[in-house]
Structure formats: C-alpha cells, structure tokens
Amino acid sequence: MVIRLPFNQPRLRQLRRLRTIIGVFGKYGFGEFIHSLNLEGLTSFARRLRHFGRVQPKGEVRRLSGPRRLRRAIEELGPAFIKFGQILSTRPDLVPDAYARELARLQDRLPPFDSAAAREVITEELGQPVEELFATFVDPPLAAASIAQVHAAELTDGTQVVVKVQRPEIESLVETDVHILLRLAALAQRSMPEARQLDLVGLIHQFARTIRQEMDFSLEAANAERMAANFKEQPQVVVPKIHWDYTSRRVLVMERISGIRITDFERYDLVGANRTRVARTCADAYLKMLLEDGCFHADPHPGNIMVLEGDRVAFLDFGQWGNVGSDKEVQEFFDAFIAFINRDFDRLVDYFIRRGTTGGESPPPGFRDRFRRELQDFLEPYYGRTLKQINAGDYINRVLRLAMELNLRVPSELYLINKVLLSLEGLVRQLDPSFDLIEVAKPYAMRRLAHSRGPAGWAEAARACSGDYLDAFRDLPVQARTILQKMVDDQMHADISISNLEGFTHHLDRASNRLAFALITASVVVGSSLLVRASTAGEGGISTFGVVGFTLAGAFGLWLLISIVKGGKL
C-alpha cells in the first residue's frame, strides 16, 4: 500500500523521517503495528530482519513492559511525538490505563542547543544583534525544552528578563511529523478494524492546532497578558510582564520572577510561605479561571509555578492555554458545576445532552433515566470527602469510562479541563493533603449564581440579546411584506411530515388487504353454497364447482387465520 505524501513538504525529507519513525517503532517491539499498516517495506532488509518479528529485540528492550517501550520510542522520536504522547495520556478512551499512566511521565526536556544558534534566531527575529538589544545576555540557558530554551538577560535600562528562544528548524520538523501522523492516522482507520470507530484524523488535527499555537510565542505573550488582566485585582497571583518590543513569533522576552519552585518545600522558610495558604491561592486561581474567566493556564506542573513572599504565586509558561468556550458554554459549564455541588443529577444529564455528547441525535428511550442512575451511583460516594480520601486519577478515568459505556462523545475541551484538574489535584495534595477543593469552590459557585440571577446578570443577558432583537425588529416589516405577497400570489406551500408515515401506510395496506381477502373468501363460500344447493334441488348430484369452491374457501380461511395468529393480532 502506498502512502501519499503532501506536496507542500519535500517528499524526500518526509520519506527519510517516515523510515526513521518506522525503524524506532520496530526497534521497541511494535513491528506488528507497522506490519498491520503494511509499512515495513519502507525499511532496509536488515532492519526488517532485526525489528519485525524474525529476530527478537535486544535484551534490554525485551525486558521492558509494553507501556515503557512505547514511552521510550516516543521520547526518541522527539518534540512532536512527545507532545502527542502527552495528549494521549489524557485520553483513556483511546489508550489503556497502563499506557496512559506511562505516557503521563513523558518529560518535555531536551539537551540545550548551541547559544550561538540562539543568538542568530534573536538577531533574525528582532533585527538587531544581541549585544545591542541587551545589556547582558547569559549564554548557558536556564532551562531547555523540546520547543525552546530560556536564557537570563538584562535590558539596557537594567530590567531583569528571561529570553525564550525557539529551537532552530523545530517548525519544519514538527510540520513534517504532523503531516506523517495525519497520513498514518488515515491509514490506520482504513486498515485496522479497531481504529475505525476512533476519529484519529480529527485528533491529529486538534493536536496540530495545539502545537502550532504553542510554537507561536506572540500567542503565548497574548495569553500571559490576558491572564494578567483577569488577575489585576488579585495581588496574590503574579503574571510576568511581557516586553512586546522584544517579542516575536520565535522570541519571547518577559519579566524575570525571583522565587522558589512550588514543590521546593524545604526553602519555603526563605520566603515565609505557608503551604496551606499557597494551596488555597493555587486553587482559587484555577477556580476563578474555570468558573469566571472561561480561559485557563493549561500546564500547572511544578516547574511552571513559583512561590513568592507573602504566599503569592507566580505562573510561568503560557504556551499551553485552554478555553472553556463561548460565554454561553462558560455559563453551561458553570451550571453543570452548580448541579454537581447541589447533587442535581437531572441538570448534569441535560448538560451532557446539550453539549452534543450523544452525537447530536435524540437520546434513545430510557437513556436519560439510565444515565441519571449511573451518574448518581457513581458520584454520591465522593460528596463530603477530602482530597486525601479521593484518588483523582481514578475519579476522572471512571467519569470518562462511564461516558464511553453510554456511547457519549465527550467534548475535547473537557479532556483538557480534566488534565488540568488532575495536575492541580496532585499539586494541592502535596501542599495540603486535607485540602477540600469542593468547599473552596462553593463561594465561586454562589457568587456566579447570584450574579447570573440578579439585576446585573439580567442586564448582561439583555445587552447580549439586544442586537439580535434589533435585527429582528428591523427585518420584521420586510419579512412580513414578503409573506403577505406570497399569500396574495398563491405561492404559499406547506410541507407536512408525519413521523413513521411509511410504516403506518404499510400496516394500513396490510389490514385492507386482509379485509379484502376475507370478503373474497366469504364470497366464494356463498357462491359455492348456492351451487351445491342448486345441484341438490335438481337431483343431479353435488356440484363439482361447489365442492372446489368450498375447498378453496377453507384453504383461504385457514391461511388467513394462521397469518393473523402469527402476527399476534388475534
């Protein structure tokens, strides 16, 4: 089978990369997967012997479990595959639990690239040499990840900053890998029966959008400013200032924050921090983002959160950013959260149906009752329990598996929210094992509820609808005139559709046919009786036609009776 490569990428480059990918998966014992796609022919004969079942893998690889072999293969394939593996770790509907847990351990770290190359990228992007842009620029990077690395620097006015520089050629490598992943996903859906029910191509498209946004540092800067604006009245949450004059698509310069890593508990005394208060600040920040702002920092691992003096918390790295949705979707998400707190399972079921998780079709008979019963049985044991008593990973996976068992389509943003809540729960558990996230969330829920039901909420709803109402009133005269003109010209037509009309017509035809058949049978009986009577009166013996008629009438009547009994309509 031939893989068609896109024309907007050099085919030779993609072919070489595809061979590398196939070789790595074969090396780690996934030759059966490559064979099912009929791709082993793209590798050399020696590699086929070594990796595709004819010779066992090397001892070290053979001793690893399947999940660990997959993680090692993904790490060897580089940034795009690492990011994709991290997404898969949040999708228990696509990968088994053991694989999801192992993929969650994927580390987004790579060795730093040469500082001279970083200086070249800065010069290309900002149009000036590094020596003119910065008073000082520290060549050894502070940290290095798959997409970029970070250097310490000082602006000419003395401001301490960090400079995030994208890896050279990373965009080209990621684009090549994205195109190959798309082709492999399409091929898997055609070749593998178990993959046909999964929207793998849609998942790759979603991943492509995510990683392309993460590689655009101007979008990351905009995310940071959006979060800073949302928290301008919250001094406990610190967001680094963006220096837009030094920021572009591949270079990001922001204020340097001095603090300690949030999980560096031994150094909390240096900034006078209290672990319980820091946990509350983190929880408050994310509840505000989810329930009030409708957008959120989507990567709350310890390396991206710092603790400052006064129990303040600083957020870093805004490349991964999530949105709950439009204002309407934010309100729906909030309503679902209120329903969860109030044990209102009927509203929770309505939320899932409104979000199109049933595929946009009307729920089958009994679906709502079954879903409510399953949801209630599942959630009731969690009420009133602290984080110390709840395994969030198990909780989230059970929720998603319940959705899958009921054939629900979970919106993609809910997977991201679940990932964030899982990371947040793990972090807060380390800070304060007795922390109760539900109790902290209740004030946010009550405030939003009071706002949405109060005068201010009604005023906002009226403002949101005013434009639609004005458009309707403006167009109403024209539409009314059009309708009246069609009525005058006799151009009005009404199309009436009756549900299951075809089935009703079929049953009606069947009943009328049976009635007609019964009348014919009765007529034959009457006619045969007259013939028999006439022949008897004339003393010429019994009429043959009369006997035949009685016989046919009896057969017809018996057949009609049997068909009625079989149909259960007697």
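Each value in this text was obtained by applying a stated rule to the coordinates, not by laboratory testing. If you're wondering where the values come from, they're calculated on a predicted model, not measured in any experiment. Backbone-built Cβ (ideal geometry, glycine too); neighbour counts: all protein chains shown.
If you wrap the tightest convex hull around every Cα atom of region 145-300 and split its volume per residue, you get 167 Å³. Label zone of Ser65 (point 7 Å out along Cα→Cβ, amide N under 16 Å): in region 85-119 this covers 89, 95-106. Three principal axis extents describe the C-alpha atoms of region 94-217; from largest down they are 62, 30, 21 Å. Ordering Ile242, Ile122 from the fewest to the most neighbouring beta carbons within 10 Å gives Ile242, Ile122. Each of Tyr286, Tyr444 was scored by other Cβ atoms within 10 Å of its Cβ. Arranged with the fewest first, they read Tyr444, Tyr286. Could you tell me the ratio Rg/Rh of region 93-154? Both radii from Cα atoms, Rh via Kirkwood. Radius of gyration over Kirkwood radius for region 93-154 works out to 1.24. Between Val478 and Ser172, full extension at 0.36 nm per residue minus the direct alpha carbon distance yields a gain of 104.7 nm. Name the residues of region 280-298 whose amide N is less than 18 Å from a point 7 angstrom out from the Cα of Phe265 along the C-beta direction? Counting backbone N atoms under 18 Å from the label point, the list is 280-283. Panel order for Asp264, Asp284, by other beta carbons found within 10 Å of each beta carbon, from fewest to most: Asp264, Asp284. The alpha carbons of region 123-165 occupy a box of 30, 22, 13 Å along the principal axes, longest dimension given first.
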